[in-house]
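Worksheet: the structure to be examined is printed underneath.
The values are calculated or read from the model by the stated rules, or taken from the named source; none is laboratory data. It should be emphasised that the depicted structure is a prediction, and the values quoted were computed from it without experimental measurement. Backbone-built Cβ (ideal geometry, glycine too); neighbour counts: all protein chains shown. We work out accessible area using only protein heavy atoms, side chains counted, and drop any ligands, DNA or RNA first. Shrake-Rupley method; radii C 1.70, N 1.55, O 1.52, S 1.80 Å.
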Amino acid sequence: MRHRRSGRKLGRDASHRKALYANLASALIEHGRIRTTAAKAKEVKPIAEQMITLGRRGGVHARRQALAYLRSQDVVHKLFSDVGPRFADRPGGYSRIVRIGPRQGDAAEMVYLELVDFLPAAPAPPRARPAREEAPVEAEPASASAAS
């Protein structure tokens, strides 16, 4: 029985699961929004929010804690210079889960895990198609085609 055992196994061993969570949290911090399954998003959301709290806190110790988990200096720099200060006046709840429907292949519930202040890039306006240049149609004389 699994009574009161927290966390999902997601079909992985412990080290694989830890690497998955670190990679998903890094991608969320780097891109602002990631598309993943609902189960993975529910597991990663608290981890990502803790990393953002470290980014808000600042300081050397918090930076080292974030680097120990995320393992990427570039992501940690973005966390402390961009993401953390953006949420400085927000007392928690930095991310949200938006359901987007089932995945085509196996019907797994897919979601967007995104930061609450994420603004998707505006879609590019539709390009006007260049006018087609009509090639002059050369009509063959009726007598030439009939003679063949």
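Some notes on this structure:
- Residue ranges 100-107, 51-58, 34-41, 64-71 sort as 51-58, 34-41, 64-71, 100-107 when ordered by packing (mean number of other C-beta atoms within 10 Å per residue, highest first).
- Between the stretch 59-111 and the stretch 1-57, the Cα center-to-center distance that results, in Å: 9 Å
- For Cα extents along the principal axes in Å, the value calculated from this model appears in (1) 40, 32, 30; (2) 56, 28, 24; (3) 91, 44, 25 under label (3).
- Per residue accessible area in Å² of the chain, where ligands, DNA and RNA are left out and the probe is 1.4 Å: 72 Å²
- In a reduced charge model with +1 at each Lys and Arg Cβ and -1 at each Asp and Glu Cβ, the stretch 15-54 shows a dipole moment near 180 debye about its Cα centre.
- Computed from point charges on the beta carbon alone (+1 for Lys and Arg, -1 for Asp and Glu), the dipole magnitude for the chain about its Cα centre is near 1560 Debye.
- Here the stretch 1-78 is treated as a Stokes sphere of Kirkwood radius computed over C-alpha pairs; at 37 °C and 0.692 mPa s its diffusion coefficient rounds to 246 µm²/s.
- Charge context of ARG64, other residues only, Cβ under 13 angstrom, K/R +1, D/E -1: +3
- Ligands, DNA and RNA left out, the accessible area of the chain computed with a 1.4 Å probe is 52% carbon and sulfur.
- With K and R counted +1 and D and E -1, the other residues having a Cβ less than 12 Å from that of ASP89 yield a net charge of +2.
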